[in-house]
Every structure is written in structure tokens, then in C-alpha cells.
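Novice: Have a look at this one before I ask anything.
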Amino acid sequence: MNPSPDTTPKRSGETRPPPDDHFLDAELRRLPSLKAPATLIPRVLGRLQAARPWWQCSWFVWPVAARLTSALTMLSLMGLVVFLDHRFALTGSLPEAWQNFSLPELLQQWLAPITHLGQAPLGVLQSYGISLTHLLAVVTALYLATIGLGTAWFHLAAAERTRARRR
């Protein structure tokens, strides 16, 4: 109940008592229930999503430059932590590990396994007499054939769906 009485004058100077809660509840229950249009929720959600700045949205809808920058930053920080952790394990002190930090040495340590992994398949290909150019040509042809077959199957399926709708 409303603790303060309604003292707004009615006609001819009378005051009206505050409405009773039970009375209001009964009156509201008598009103017909209204249905929201089916498009209301998608419109409201779309406007809310559009009103959010890009950095509050999912990472996948960020601008490409921001995604690349954030990914490179995170990878660099993770690499630095791994490198310093390795150095700290060797030296026993963080200042000493940081003092001996060398970017070329870090890159050389990280790229050495990758270059060895890259050389192994090339050695196998060369032992069979296959050049890298031929391998790239075959892979490109297979890729284009896959795209072409997928497109053809899609058009066949879409045409069948279109024919089924017309019936």
C-alpha cells in the first residue's frame, strides 16, 4: 500500500484516497494480455548488438587489423614468457635471464626445429624424384577440383530444392 495518502483534489475540493493494492492487482488482471510482434526481439537484439563497441563483441567480429595485432601481441607475450621461463630454469635468477636475452638467439632456437621439420618432407620427396613445383601443382589441381565438385553438387542440390518448391 502507498504509505502517503493522495491529496490531489478531486472535483470540488475533495481528496481521493490512495488506490488499494488488491484493487490495482484485480484491474491489471482484467486487462487483456498483449502479444509482442515476432520481429520485436530480433530488432531489439540487433540494435543492442549494433550499439556495442567492437572491442566488446566477439573476437571474430573485430576488425582484421585488431585481430592480427591482438594475436601477434598474445603470441609474442607467450613466447617471451616461455623463453624467460626456460632461461630462468637455466640461470636460477630472473635478472640474469633477462640480461642474457637476445632476440636473434631466440629466433634461431625457435626456428631450428621448424626448419628441420620442413627439410624432412622435402628430402622424402627428392628421394622419390618429385620436385616441390610438381607437388604444388598437384595440390593446387586437387584443391580446384574439390571446389569445382562442391560447387556442382551445391547447384544440383539447390536446383532440386527449387523444383520441389515449385510443385
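The values are calculated or read from the model by the stated rules, or taken from the named source; none is laboratory data. Everything quoted here is computed from the prediction, not taken from an experiment. So basically every Cβ, Gly included, is an ideal-geometry build from the backbone, and we count neighbours across all protein chains shown.
Novice: Six or more apart or on different chains, Cβ under 8 Å: which pairs go from a residue in segment 65-80 that's without any contact (Cβ under 8 Å) to a residue 60 or more places away in the chain to one that's of a type in the set (A, V, I, L, M, F, W, C) and surrounded by 12 or more Cβ atoms within 10 Å (Cβ to Cβ)? Could you list them?
Specialist: SER70/TRP62; GLY79/LEU106; GLY79/TRP110
Novice: How many residues does segment 59-86 hold that are assigned to a helix (DSSP H, G or I) and touching a Ser or Thr at 6+ places or on another chain (Cβ under 8 Å)? Before the answer, list the steps.
Specialist: Within segment 59-86, the subset assigned to a helix (DSSP H, G or I) is 59-61, 64-86.
Pick out the ones that are also touching a Ser or Thr at 6+ places or on another chain (Cβ under 8 Å) and you get 59.
Adding up the residues that qualify gives 1.
Novice: Return yes or no: is VAL124 under 35 Å from the mean Cα position of the chain (by Cα) and β-branched (Val, Ile, Thr)?
Specialist: no
Novice: Please specify each residue of segment 15-54 satisfying the condition of being small (Gly, Ala, Ser) and part of a loop (DSSP other than H, G, I, E, B). Spell out the reasoning first.
Specialist: From segment 15-54, those small (Gly, Ala, Ser) are 26, 33, 36, 38, 46, 50-51; that's our starting set.
Within segment 15-54, SER33, ALA36, ALA38 meet the criteria.
Novice: Go through segment 101-114 and give me each residue that's surrounded by 10 or more Cβ atoms within 10 Å (Cβ to Cβ) and part of a helix (DSSP H, G or I).
Specialist: GLU105, LEU106, LEU107, GLN108, GLN109, TRP110, LEU111, ALA112
Novice: Quick check: anything in segment 132-147 modelled with pLDDT under 80, part of a helix (DSSP H, G or I) and among the aliphatic types (A, V, I, L, M)?
Specialist: yes
Novice: Does VAL64 count as surrounded by 10 or more Cβ atoms within 10 Å (Cβ to Cβ) and not charged (D, E, K, R)?
Specialist: no
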